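Report on one structure; see the data block that follows.
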Amino acid sequence: MTTPHTGPGDAAPQPLPAAPGADQHPALALVNTRTLRPTGAFDDLADPPAALDWLVTTGLLPARRSGLTAAETGRLRTLRECVRDLFTARLAGEAPDRTALAELNGALAAAPFTGRLHWDAAGEGPRLESRPAGGTPLDAALTRLASDAAELLSGPQAEAIAACAAGDCIRYFLRTHGARQWCSQRCGDRVRAARHYARTRAAENS
């Protein structure tokens, strides 16, 4: 599950628009942190500072969190590749790699969440919150990501999981309607432009 990624000194390209569903499902956003750009493969989790920035931006770690270690960053990237493998298996209708499944289940158990009832008589009244019962803040973040992936794969939206049909894109998205093929208008426009160019060349050569 080795992943090519940009080094710390590489310039970051312009961010891509969020794929449909990624705003609601952090596991989908996690999978899409590895992309292909015109300049090659790019990884939003390429190094500890980048990984920390992604976790904070996604709301999985507090902004005051100290930096990640290389080992912690590796755990996050490993979970990403396992979730990607599970998405691929789901689309292919095949059993997933056992290592990927074990990794996801291990992340689910890293920091189990338990319910806590809070009651503010002067404010909102009773409310139920879930909090990690143990583990580190990163463990809790990995458990949230794994839980979201498991719920997505086993829930009613599983049928909507799709891989972008653009040949040079490796992102996943949730299909908002049956005919949708691309993760963004950008990919759709590029595919249509390539098809138009191919038809034009074929007409010129006929």
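Listed values, structure above:
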read-out: Test: residue in segment 78-91 that is without any contact (Cβ under 8 Å) to a residue 24 or more places away in the chain and in contact with a Gly (Cβ under 7 Å, 6 or more places away or on another chain); value: no
read-out: Candidate set: segment 159-198, residues that are loosely packed, with under 10 Cβ neighbours inside 10 Å and either charged (D, E, K, R) or part of a loop (DSSP other than H, G, I, E, B) (or both); chosen: the one modelled with the lowest pLDDT; value: Gly178
read-out: Tally, over segment 95-107, of residues that are within 16 Å of Asp139 (Cα to Cα) and surrounded by fewer than 18 Cβ atoms within 10 Å (Cβ to Cβ); value: 3
read-out: Segment 54-69: number of residues that are surrounded by 15 or more Cβ atoms within 10 Å (Cβ to Cβ) and among the hydroxyl-bearing types (Ser, Thr, Tyr); value: 1
read-out: Residues satisfying the stated conditions in segment 140-159, i.e. under 11 Å from Leu108 (Cβ atoms) and of a type in the set (Asp, Glu); value: Asp148, Glu151
read-out: Given (1) of a type in the set (Ser, Thr, Tyr); (2) part of a loop (DSSP other than H, G, I, E, B); (3) within 29 Å of Ala63 (Cβ to Cβ), index of the condition Thr114 fails; value: (2)
read-out: Any chance Glu81 is closer than 20 Å to Ala22 by Cβ and assigned to a helix (DSSP H, G or I); value: yes
read-out: Selected residue (criterion: surrounded by the fewest Cβ atoms within 10 Å (Cβ to Cβ)) from residues of segment 32-53 that are part of a helix (DSSP H, G or I) and in contact with a Ser or Thr (Cβ under 6 Å, 6 or more places away or on another chain); value: Pro48
read-out: Ala146 being assigned to a loop (DSSP other than H, G, I, E, B) and in contact with a Gly (Cβ under 9 Å, 6 or more places away or on another chain); value: no
read-out: Candidates Thr88, Thr39, Thr33, Thr73 - the one that is of a type outside the set (Lys, Arg), farther than 28 Å from Ser130 by Cα and modelled with pLDDT of 95 or more; value: Thr88
read-out: Criterion violated by Pro26 - all others in (1) surrounded by 14 or more Cβ atoms within 10 Å (Cβ to Cβ); (2) farther than 29 Å from His177 by Cα satisfied; value: (2)
read-out: Top-ranked residue of segment 114-126 - restricted to ones that are surrounded by 10 or more Cβ atoms within 10 Å (Cβ to Cβ) and at pLDDT below 85, ranked as farthest from Leu145 (Cα to Cα); value: His118
read-out: Qualifying positions in segment 77-94 - farther than 17 Å from Asn32 by Cβ and either surrounded by 15 or more Cβ atoms within 10 Å (Cβ to Cβ) or in contact with a Cys (Cβ under 9 Å, 6 or more places away or on another chain) (or both); value: Ala89
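The values are calculated or read from the model by the stated rules, or taken from the named source; none is laboratory data. What you see is a predicted model, and the numbers here were worked out from it, not measured in a lab. So basically every Cβ, Gly included, is an ideal-geometry build from the backbone, and we count neighbours across all protein chains shown.
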